[in-house]
Amino acid sequence: MTRPAADGTAAWPPAALDPAGPFAGPLNTLAWVLFAMAGAVLLVVLVALGVALFGPRRWRARFGGARLVWIGGFAFPVVVLSALLIYGLGLTSHLTQEPGPGEMRVRVTGEMWWWRVAYLDAQGREVFQDANEVHIPTGRPVVLELDSADVIHSFWVPRLSGKVDMIPGRRNLLRLQADAPGAYGGQCAEYCGGPHALMGLVVVAHEPAQYAAWVRKQSAPAVAAPQPAVGAEVFGRAGCGACHSVAGTTFNGLAGPDLSHVGSRRTLGAGILPNNQGTMAGWISDSQSIKPGNRMPAYPVLTGQELRDVSAWLESLK
Amino acid sequence: MGVGLIRNGKGRDGDAANPSGIDVRWGVLGLAALLCACADKSDPPRGIAGADADNGLAVIGRTGCAACHVIPGIDWPRGLAGPSLEGFADSPMIGGQFPNQPDVLVDWLVDAPAMAPATAMPAMPLTEGEARDVAAYLYTLDD
């Protein structure tokens with residue numbers, strides 16, 4: 001199947017040990033080095049334990065002194081852990097450096113339980129907003145500015161980069177890069193309350209030319225100008241605009257995800273559902289049965305026809 | 001139908017034209033029992049030629065049908081906007097108003113509003129082949 005909806009949710013939950021870019025690669029190596037070191041140390045400890053319990057008397061006598069404690073219990077861990085720390089910091093320090101001139105910047109704000117995404121210009125000013133998807137060009141690093149609107153979240157797209165906490169009032173940085181176009185799943189990696197496990201996201205990497213086309217499309221309203229749709233009227237009457245913005249309309253709520261181009265997203269509900277008119281209608285009607293505890297109420301006031309009208313309109317916002 | 005035959009038999013119980021009414025009654029009961037056996041729920045589910053129920057479940061998963069329906073075989077989500085599909089193969093109706101027959105179900109899955117304009121279920125992005133696979137899976141839900 002080539003439906004975009006399929007790649008979107010196929011990428012979530014993400015694979016943790018399958019790097020797809022130059023920042024995730026060394027981290028993956030580091031993870032395996034740590035596993036290997038931990039395995040080797042465990043083996044040494046188990047052998048020593050076996051010798052201490054069941055070995056010949058002469059060997060057991062050697063294990064009885066303070067010397068072994070100083071060597072095996074103090075010097076060895078200090079040397080090994082220091083070496084691993086220096087190696088790990090060397091691998092990851094460039095991930096969190098300030099953006100250089102000309103580097104692409106995207107601000108991702110953790111919200112309970114979704115992601116507000118703002119694309120920034122070179123001065124750090126917001127150009128347009130989106131949600132739950134981060135679009136990037138392939139083959140170049142992108143600097144993410146991570147913060148939080150409420151509690152601590154953690155941004156983690158394991159195939160593209162490391163994991164960094166999103167802390168209220170703080171701006172943490174993280175670079176990521178994808179070598180090939182595709183959808184890369186992410187997941188909030190810090191428990192943030194109720195539906196934390198269902199706080200997913202998707203990073204979509206495009207060839208640079210397609211990325212430029214995507215930016216042009218996002219920068220303009222998707223709303224068909226002259227004739228307001230029936231679905232837009234339902235959207236207004238149900239009060240959806242109190243929490244959601246749609247560029248080109250009077251709907252300008254800021255509490256929930258921006259819906260200006262929601263029909264072009266791969267997923268709904270923050271990375272967790274494929275996006276089509278059926279899932280859209282189900283989400284609007286009763287998102288609480290899908291993602292219990294999320295901040296959007298169920299709408300048991302809409303008729304079937306209204307639900308189809310409003311979901312059709314939202315899906316048309318490409 | 002079986003019930004109707006029994007009633008007919010009872011109705012003609014004292015019919016003068018048929019003095020050996022007892023034998024006829026036993027014959028009718030036997031026929032009724034046979035007919036009841038034909039409608040037994042343990043019959044194989046309605047088949048859909050060439051359809052692949054396993055692929056149907058995969059299509060259901062990636063289309064997100066469970067956003068609105070509880071569907072055995074899908075652990076999450078278990079949406080409540082639409083009816084639960086547990087035991088769907090044994091349900092006589094689709095959407096509360098159409099006979100639960102394979103062709104009707106396939107049409108319903110692809111474009112429900114064309115059949116029931118007031119339904120909340122939108123037309124779904126399924127090919128004919130995918131809809132047939134989904135229908136085949138739904139007909140395995142006979143518990």
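The values are calculated or read from the model by the stated rules, or taken from the named source; none is laboratory data. Please read these numbers as outputs of a predicted model, since none were measured by experiment. Using ideal geometry, Cβ is built from the backbone for each residue, glycine included, and neighbour counts are taken over all protein chains shown.
The table below lists the values:
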quantity: Residue within region A:241-261 that is at positive phi, within 14 Å of chain B (Cβ to nearest Cβ) and not acidic (Asp, Glu) present; calculated: no
quantity: Single residue of region B:108-143 satisfying the filter (of a type in the set (S, T, N, Q) and free of Cβ contacts under 8 Å to residues at least 40 places away in the same chain) that is nearest to the other protein chains (Cβ to nearest Cβ); calculated: B:Thr119
quantity: Failed item in (1) under 22 Å from B:Ala51 (Cα atoms); (2) under 19 Å from the mean Cα position of the chain (by Cα); (3) surrounded by 15 or more Cβ atoms within 10 Å (Cβ to Cβ), with B:Leu126 passing the rest; calculated: (2)
quantity: Enumeration of residues in region A:23-58 that are out of contact with any Phe, Trp or Tyr (no Cβ under 6 Å at 6 or more places or on another chain), surrounded by 13 or more Cβ atoms within 10 Å (Cβ to Cβ) and farther than 30 Å from A:Val143 by Cβ; calculated: A:Met37, A:Val41, A:Ala48, A:Gly55
quantity: Selection from region A:189-218 of residues that are of a type outside the set (A, V, I, L, M), under 20 Å from the mean Cα position of the chain (by Cα), farther than 30 Å from A:Gly293 by Cβ and not in a helix (DSSP H, G or I); calculated: A:His206
quantity: Those helices (runs of 4 or more DSSP H) lying entirely in region A:1-104 with at least 1 residues among the hydroxyl-bearing types (Ser, Thr, Tyr) and in contact (Cβ under 8 Å) with a residue 12 or more places away in the chain; calculated: A:4-10, A:24-54, A:76-92
quantity: The lone exception for B:Arg62 - which of (1) within 25 Å of B:Ala118 (Cα to Cα); (2) within 13 Å of chain A (Cβ to nearest Cβ) it fails; calculated: (1)
quantity: Condition check for A:Pro168: over 25 Å from A:Leu273 (Cβ atoms) and not small (Gly, Ala, Ser); calculated: yes
quantity: Some residue of region A:224-243 being crowded, with 22+ Cβ neighbours inside 10 Å, in contact (Cβ under 8 Å) with a residue 40 or more places away in the chain and under 25 Å from the mean Cα position of the chain (by Cα); calculated: no
quantity: Of residues in region A:266-295 being facing chain B (nearest Cβ under 7 Å) and not polar (S, T, N, Q), the one surrounded by the most Cβ atoms within 10 Å (Cβ to Cβ); calculated: A:Gly282
quantity: Qualifying positions in region B:76-99 - more than 13 Å from every other protein chain (Cβ to nearest Cβ) and without any contact (Cβ under 8 Å) to a residue 24 or more places away in the chain; calculated: B:Ser91, B:Pro92, B:Met93, B:Ile94, B:Phe98, B:Pro99
quantity: Among (1) at pLDDT below 95; (2) at negative phi; (3) not hydrophobic (A, V, I, L, M, F, W, C) - the single one B:Gly96 does not satisfy; calculated: (2)
quantity: Qualifying positions in region A:296-317 - more than 11 Å from chain B (Cβ to nearest Cβ), in contact with a Gly (Cβ under 7 Å, 6 or more places away or on another chain) and over 19 Å from A:Pro221 (Cβ atoms); calculated: A:Met296
